[in-house]
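Notes follow the structure.
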Amino acid sequence: MSSLKMINLNKVYPNGFHAVKNLNLEIKDNEFIVFVGPSGCGKSTALRMIAGLEEITEGELLIDGEIMNDVSPKDRDIAMVFQNYALYPHMTNYENMAFGLKLRKMPKDEIDKRVQEAAEILGLRPILKNKPKQLSGGQRQRVALGRAIVRNPKVFLMDEPLSNLDAKLRVQTRAEISKLHHRLKTTFIYVTHDQTEAMTMGTRIVVLKDGKVMQVDSPTNLYEKPENKFVGGFIGSPQMNFIEGKSLEKDGEVGLVYEGISFAIDKERQEALRKMGYSNKEIIIGIRPEHLNVEKTEKSGDTGLVEVTELLGSETYLFIKLKKATLVARVEPQLEIQVGDHVKVGMKAHKVHLFDGETEESIL
Ligand code: ATP
């Protein structure tokens, strides 16, 4: 069993920079938690505090109910995998994997058993006698994973472990790490700036911005129910479209208006907006590219202009200038729309996200 609890964790660096602000999180045994956010949001700092590589300024870190703040990294029963692999170049892959266990004075046959087992899981058997410099980036990262596995830790920490790999290998290794998590049934905490990695690997995702948690949720909920504009925009590719509009009540119906163009919303949303006092207010409309309806038409005051088309084979992205905004629509490749075409843009009414114009928090 391994559970982690972070209570009001804060990190203030000696220069006064507040990198992590009041982080509260409970991680259950066997979860795959991903910390994700843009560069500088504090995700590595958070991970390094868990590892014990960075002092905790304020708050408490508990592993299996025990306070870890002052426990040294080697006594925390966690293993960390870094972006740059951190392998010893003069040692063979076998020795690299065995090194930590040797330091712990583990009997030789037990070390061998563990290294062989990890090598089997990771497909490293044929290259155990090689040195890291004879390996590809992907193989090196597997050796680094192997070195973590042999320790049989309570928790695996990974800081952008795939960022040095090329795109294809990254996708492959991503799947391998997910398989490893299923096989080892241990808690994984993984840091990345890449929302696709977060969405495909995490059982729960912690979205950070400027040292603060913006949302903690399952991948599906983050995508379908973002709690604020930041999460709406950060999760999903191409990103959610945002339009600065207004809600307007007219003849008993609440609709959305943007630069004179009206968009209908479903009754349920209308009622909710009215109840919350949003029937005549500045509102940010969020709509995902796949939830825009696009139809070729004659030019008029409320049509958009297709400025760019991106053909990806299975789908096409249209970049549409609609008044001040440029919207991205994901459409079927069969839809014969070209650059220069004028289009009527509609929204799937029940898929519209609405955010408060000032706080940017989700309304609906
Ligand atoms: P990246 O993806 O770029 O690594 P990150 O989200 O992992 O970003 P951190 O490395 O945790 O970010 O850094 C968070 C913030 O803290 C950054 O603005 C960084 O400049 C700052 N920071 C990191 N280390 C120190 C330090 N030793 N002293 C002062 N500020 C620091």
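Assorted remarks:
- Mean Cα-pair separation over length for the chain, i.e. relative contact order, pairs under 8 Å, 6 or more apart, %: 15
- Protection proxy ranking of 82-90, 190-198, by the mean of other Cβ atoms within 10 Å over each peptide's residues and highest first, is 190-198, 82-90.
- Separation between Cα centres of region 117-187 and region 1-20, rounded to whole Å: 27
- At an R0 of 56 angstrom, the distance between the Cβ atoms of Leu335 and Asn15 translates into a FRET efficiency of 0.55.
- In the elastic network of the chain, a GNM with C-alpha springs shorter than 10 Å, the most mobile of Val231, Val345, Val81 is Val345.
- Within the chain, DSSP assigns beta bridges of which about 75% are antiparallel (rounded to the nearest 5).
- Exceeding the 22 Å Cα-Cα cut-off - candidates Lys74/Lys131; Lys179/Lys212; Lys209/Lys246; Lys28/Lys185; Lys21/Lys43: Lys74/Lys131; Lys179/Lys212; Lys209/Lys246
- Virtual spin-label span in nm between Ala264 and Asp75, 7 Å along Cα→Cβ: 6.8
- Length added when fully stretched, Gln172-Leu305, from 0.36 nm per residue minus Cα-Cα: 44.0 nm
- For region 58-128, applying the loop criterion from DSSP together with a ceiling of 13 other beta carbons within 10 Å to the trypsin sites (Lys or Arg not before Pro) yields Arg104, Lys105.
- Were the residues from Asp251 through Gln116 laid out at 0.36 nm apart, the gain over their Cα-Cα distance would be 41.2 nm.
- For region 72-77, Karplus couplings with θ = phi - 60° (6.51, -1.76, 1.60), whole Hz, Gly/Pro x: 6, x, 5, 9, 8, 6
- Under 5 Å from the amide H of Met214 lie the amide H atoms of Val207, Leu208, Lys209, each residue being 5 or more positions distant or on a separate chain, with H modelled from the backbone and absent for Pro and chain starts.
- For the chain, calculated [θ]222 nm from helices alone, where every DSSP H run of n ≥ 4 adds -39500 (n - 2.57): -7500 deg cm²/dmol
- The angle between the Cα long axis of helix 137-149 and the main principal axis of the chain comes to about 60°, on a 0 to 90 degree scale.
Where a number appears in this text, it was derived from the coordinates with a stated rule and is not lab data. Computed from a prediction, not measured in an experiment: that's the story for all the values here. We place every Cβ from the backbone using ideal geometry, glycine too, and count neighbours over all the protein chains shown.
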